[in-house]
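Beneath this line is the structure, given in structure tokens, with notes to follow.
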């Protein structure tokens, strides 16, 4: 799972959000290094929806319809599996960096 997909699941694990809020929260928690654009975010959300990781509900706020995305149980499971995988990847990277520093 790509890092941007991981962070999309991460923010949805906390609460249901619409697309703009998802992008904003991902940018916030990654300090801007992973900020999905609309062109990148919505295809991922549609893919997540098709695979049963999220559901969506159309809400009307003011006079505007907004699609709000909610993580399903399957999505939560995918998030926790991805968390384990990314934790192991980070551990390997940190070990490699530490080894390179000690070689210098």
Legend entry - Candidate set: segment 5-44, residues that are in contact (Cβ under 8 Å) with a residue 40 or more places away in the chain and outside any helix (DSSP H, G or I); chosen: the one farthest from residue 76 (Cα to Cα): 18
Inset, instruction - Tell me, yes or no, whether segment 84-101 has at least one residue that is part of a strand (DSSP E or B), over 13 Å from the mean Cα position of the chain (by Cα), modelled with pLDDT under 95 and loosely packed, with under 13 Cβ neighbours inside 10 Å. - result: no
Inset, instruction - Would you mind telling me which numbered condition in (1) buried (at least 16 other Cβ atoms within 10 Å of the Cβ); (2) more than 13 Å from the chain's Cα centre (by Cα) residue 10 fails? - result: (2)
Legend entry - Residue, nearest to residue 20 (Cα to Cα), within segment 45-68, restricted to residues that are in contact with a helix residue (DSSP H, G or I) (Cβ under 6 Å, 6 or more places away or on another chain) and touching a residue at least 40 places away in the same chain (Cβ under 8 Å): 54
Legend entry - Positions within segment 52-71 being in a loop (DSSP other than H, G, I, E, B) and more than 15 Å from residue 8 (Cα to Cα), in sequence order: 62, 63
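The values are calculated or read from the model by the stated rules, or taken from the named source; none is laboratory data. Fair warning: this is a prediction, and the values are worked out from it, not measured in the lab. Here the Cβ is made from the backbone with ideal geometry for all residues, glycine too, and neighbour counts use every protein chain on show.
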